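Asks: What follows is a single structure, and I will ask about it in a moment.
Rule-based calculations on the coordinates, nothing more; no lab input. All values reported here derive from a predicted model rather than from experimental measurement. Neighbour counts are summed over all protein chains in view; Cβ atoms, including those assigned to glycine, are modelled from backbone coordinates with ideal geometry.
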Amino acid sequence: EITELGIQINIDVALQYIESWLRGIGCVPIYNLMEDAATAEISRAQLWQWIRHKAQTNTGRVVDRNLYREMVPIAYQRIKKALGDQAVEKGRFQTAQHILDGLVLNDEFVDFLTLVAYQHLD
């Protein structure tokens, strides 16, 4: 069952992982679990698939680009609550969101998020 909270969590986890990966950290503690690229891949792939196939949430809302964009700020609030405002401001979250937006909103499925993310390494 697809829920708005599930969408928010997928965005949250993908953003946190991509942001950490951009800083050279490949295994990231997210909500007391050690997560790696596979978790972020699942999160972003689910988001892409739900949008692509116009899946519906348990409340009947269509998962589309607009719903995704509506959920991003809510996911950021979750991240700020977990990490603190300063960590979010000092991190690479803008770049991470740019990458995630491209992966999730692209008409074609991108094979691996790291292929896109490599272009943003310093």
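Asks: Condition first: assigned to a helix (DSSP H, G or I) and within 25 Å of Asn66 (Cβ to Cβ). Now tell me which residues in region 99-115 satisfy that.
Replies: Narrowing region 99-115 to residues assigned to a helix (DSSP H, G or I): 99-105, 113-115.
Once the filter is applied, which keeps residues that are assigned to a helix (DSSP H, G or I) and within 25 Å of Asn66 (Cβ to Cβ), region 99-115 yields Ile99, Leu100, Asp101, Gly102, Leu103, Val104, Leu105, Leu113.
Asks: Do we have Thr95 as of a type outside the set (D, E, K, R) and in contact with a His (Cβ under 7 Å, 6 or more places away or on another chain) here?
Replies: Values: of a type outside the set (D, E, K, R): yes; in contact with a His (Cβ under 7 Å, 6 or more places away or on another chain): yes.
Here the answer is yes, as Thr95 does meet what is asked.
Asks: Looking at region 1-12 only, could you name the residues that are surrounded by fewer than 24 Cβ atoms within 10 Å (Cβ to Cβ) and farther than 17 Å from Leu83 by Cβ?
Replies: Hits for region 1-12 are Glu1, Ile2, Thr3, Glu4, Leu5, Gly6.
Asks: Taking the conditions exactly as written (exposed (fewer than 11 other Cβ atoms within 10 Å of the Cβ), of a type outside the set (A, V, I, L, M) and under 20 Å from Gln46 (Cα atoms)), does Glu70 satisfy them or not?
Replies: Working: exposed (fewer than 11 other Cβ atoms within 10 Å of the Cβ): no; of a type outside the set (A, V, I, L, M): yes; under 20 Å from Gln46 (Cα atoms): yes.
Here the answer is no, as Glu70 does not meet what is asked.
Asks: Surrounded by 14 or more Cβ atoms within 10 Å (Cβ to Cβ), assigned to a helix (DSSP H, G or I) and hydroxyl-bearing (Ser, Thr, Tyr), is that true of Tyr118?
Replies: No: the conditions fail for Tyr118.
Asks: If I ask for residues that are assigned to a helix (DSSP H, G or I) and free of Cβ contacts under 8 Å to residues at least 24 places away in the same chain, which ones from region 53-75 would you list? Steps first, answer last, please.
Replies: Initially, region 53-75 is screened for residues assigned to a helix (DSSP H, G or I), giving 65-75.
Residues satisfying the conditions are Asn66, Arg69, Glu70, Pro73.
Asks: From the list Gln16, Gln8, Gln56, pick out the single residue that is touching a strand residue (DSSP E or B) at 6+ places or on another chain (Cβ under 7 Å) and over 22 Å from Gln119 (Cα atoms). Walk me through it before giving the result.
Replies: Details: Gln16 fails: over 22 Å from Gln119 (Cα atoms); Gln8 fails: touching a strand residue (DSSP E or B) at 6+ places or on another chain (Cβ under 7 Å).
Result of the check over Gln16, Gln8, Gln56: Gln56.
Asks: Does region 13-52 hold any residues that are more than 10 Å from the chain's Cα centre (by Cα), among the small types (Gly, Ala, Ser), surrounded by fewer than 20 Cβ atoms within 10 Å (Cβ to Cβ) and part of a helix (DSSP H, G or I), and which are they?
Replies: Listed by number, the residues that qualify are Ala37, Ala38.
Asks: If I ask for residues that are of a type outside the set (D, E, K, R) and either touching a Cys at 6+ places or on another chain (Cβ under 8 Å) or surrounded by fewer than 11 Cβ atoms within 10 Å (Cβ to Cβ) (or both), which ones from region 95-115 would you list?
Replies: Leu115, the sole residue that qualifies.
Asks: Here is a further query. For region 76-91, which positions are closer than 15 Å to Ser20 by Cβ and surrounded by 14 or more Cβ atoms within 10 Å (Cβ to Cβ)?
Replies: Selection gives Ile79, Leu83, Val88, Gly91.
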